[in-house]
Amino acid sequence: MLTKKILPVATPLLDSYSHYGSIFSILASDGDNYLPWLFSRFCQLIADPVKENRGLYINIDEPEWFPRTTSYCPLIETEILSTKIFERKYSIIEAVIDAINNNFYIFMVVEHYYIPGSTSYQKSSNNHDIMIYGYDKENQLLKIADNFNGKYKFCECTFSQFTEAYTHTNKDKNRLNSKVCLFSKKKNEVVEFDTMRLIDNLNSYLTGVYPEMRSSGWQSSFIGWAKGINIYNNVKEYLTLLLEKKTRVDKRTFYAIWEHKKLMVMRILYMQNNGLIKDSSSILEKYHEIERISYKHIMMLLKFEITSDPKLVQTIFLEIDSIISIETKLIQSILKNINIKPMNSSIILGIDMDHTRRWCLV
């Protein structure tokens, strides 16, 4: 009988939010075979309506993400269960161990107050999703991953701590609606780069309209939200409220924007290496500059949180119009220079996975 099992994980490429960090930590543990799927998607940004006394939620979004559907990623098998079905006749720990023994990663919401490593540990209530990827019976430990202390991390907690965290979860604040997501990696699955989907997604970024909206109920979830390059209008509104001291600093706002630019740089480099785009050197260079500025904005926001120096926010505000103008032209150039041709069976994955900085998020 197994007393210990740890499923493979790796540092995720995207980790603004745990529902991305968890999936990409699973995918990255199996090499780079997921990159063609990734780089033809995740072009879009969404931003919720700006309100006083709160931060601004911005996310790199892919329509129909789990748990809305189980077919969001062809490289991951997903099963969505009620927590009651998941437990069956077992305790929650026995259910988790049984799932891991069957090579399932578990993604569910628990109360962070009981989870070591969390900023809420023994301080405040925070119902948040978490991934469990291993166990150690001898030491009574679970291997867990989540956005702990502002960064996606791999940690551990005791069986008793996890039981408390599960037992005290507030059903009204469970964004998974008391569901458990079980993930397993599909074997020998090959996904090619989808050029036409990328073209649709880039056009959607410029126009703020998703092709998927015409054929799904996904649109209704984001009525009133800004999409694509229009999110910068929300950002400027948010910065104005910061200067007026009517809202709080939210690190995730500019971290998500920076991750989007980081991903665009890697996407262009991938396309360049695989002959999918022509005349891309200038595009790549200018996107690198936008990425650098976006990262600088994170640092300036952090400094503003400490110093309250209005010049920092004013500088970010002024640079946004430049980003909008430059990025609009860059995406138009990408669309103009894309080579629409079938990919060969051999894919060049010449991406420097460490070219970018790792930083902080919440």
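The values are calculated or read from the model by the stated rules, or taken from the named source; none is laboratory data. Please read all numbers here as calculations on a predicted model, not as lab measurements. Backbone-built Cβ (ideal geometry, glycine too); neighbour counts: all protein chains shown. With ligands, DNA and RNA removed, areas are computed over all heavy atoms of the protein, side chains included. Shrake-Rupley method; radii C 1.70, N 1.55, O 1.52, S 1.80 Å.
Some points to look at:
- Among (1) farther than 21 Å from Asn101 by Cα; (2) among the charged types (D, E, K, R); (3) within 21 Å of the chain's Cα centre (by Cα) - the single one Lys185 does not satisfy: (1)
- For the stretch 138-179, the candidate set comprises residues that are surrounded by fewer than 18 Cβ atoms within 10 Å (Cβ to Cβ), under 20 Å from the mean Cα position of the chain (by Cα) and assigned to a strand (DSSP E or B); within that set, the residue that is modelled with the lowest pLDDT is Lys151.
- Check on Ser40, touching a helix residue (DSSP H, G or I) at 6+ places or on another chain (Cβ under 6 Å), surrounded by 21 or more Cβ atoms within 10 Å (Cβ to Cβ) and either among the aromatic types (Phe, Trp, Tyr) or under 18 Å from Phe254 (Cβ atoms) (or both): no
- Of all residues in the stretch 45-89 being under 21 Å from Met108 (Cβ atoms), among the aromatic types (Phe, Trp, Tyr) and touching a residue at least 12 places away in the same chain (Cβ under 8 Å), the one that is surrounded by the fewest Cβ atoms within 10 Å (Cβ to Cβ): Trp65
- In the set (1) touching a helix residue (DSSP H, G or I) at 6+ places or on another chain (Cβ under 9 Å); (2) open to solvent by 70 Å² or more (accessible area, probe 1.4 Å), the condition left unmet by Thr253 is number (2).
- Residue match in the stretch 309-326 (condition: within 28 Å of Leu198 (Cα to Cα), open to solvent by 60 Å² or more (accessible area, probe 1.4 Å) and β-branched (Val, Ile, Thr)): yes
- Candidate set: the stretch 96-136, residues that are without any contact (Cβ under 8 Å) to a residue 24 or more places away in the chain and closer than 17 Å to Tyr152 by Cβ; chosen: the one most open to solvent (accessible area, probe 1.4 Å): Tyr121
- If you go through the stretch 286-331 and keep only what is touching a residue at least 60 places away in the same chain (Cβ under 8 Å), hydroxyl-bearing (Ser, Thr, Tyr) and touching a helix residue (DSSP H, G or I) at 6+ places or on another chain (Cβ under 6 Å), you end up with just Tyr295.
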